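One structure below.
Every number here is computed from the coordinates shown, using simple stated rules; none is lab data. Computed from a predicted model, the values in this text were never measured in an experiment. For neighbour counting, all protein chains shown are included, and Cβ atoms are generated from backbone atoms with ideal geometry for every residue, glycine included.
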Amino acid sequence: MVFGVKELSKEKPVYVVRVRDKEITLDEGTLNIVREYLHRPMGLDELADKLGLDGWEEAYEFLKKIPAWIIWTPPSLWKYRIAWLEKKEA
């Protein structure tokens, strides 16, 4: 699974990106870090540190696997986008 939905509870799915043996949960905090990476000078090493990854290679892998529409979704709109997706799937 590159990008997918992980069922942690019956109520709300959690969106994750798998990088090697890690699963990075996509939430407002993660999107804030990605947005910071996009809009200011930040290397892949610093991105890896902020995401809890083991090095720039894993950060690069994460960026390749995350869908572009998620990268460009403002973090403040993430919960509305998730609600829209859940409604669409139901």
What tally of residues in region 52-76 results from selecting those that are surrounded by 16 or more Cβ atoms within 10 Å (Cβ to Cβ) and touching a strand residue (DSSP E or B) at 6+ places or on another chain (Cβ under 6 Å)? 4
Hey, LYS87 without any contact (Cβ under 8 Å) to a residue 12 or more places away in the chain, under 28 Å from ASP21 (Cβ atoms) and surrounded by fewer than 17 Cβ atoms within 10 Å (Cβ to Cβ) or not: no
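Looking only at helices (runs of 4 or more DSSP H) that fall completely inside region 24-80, which ones have 2 or more residues that are of a type in the set (Asp, Glu) and more than 9 Å from the chain's Cα centre (by Cα)? Show your work before the answer.
Working: elements: 28-39, 44-51, 56-65, 68-71.
In region 24-80, the matching helices (runs of 4 or more DSSP H) lie at 44-51, 56-65.
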Quick one: what pairs do we get from region 47-76, first residue under 11 Å from VAL17 (Cα atoms), second exposed (fewer than 15 other Cβ atoms within 10 Å of the Cβ), C-beta under 7 Å, 6+ apart or different chains? LYS65/VAL2; LYS65/PHE3; ILE66/PHE3; PRO67/PHE3
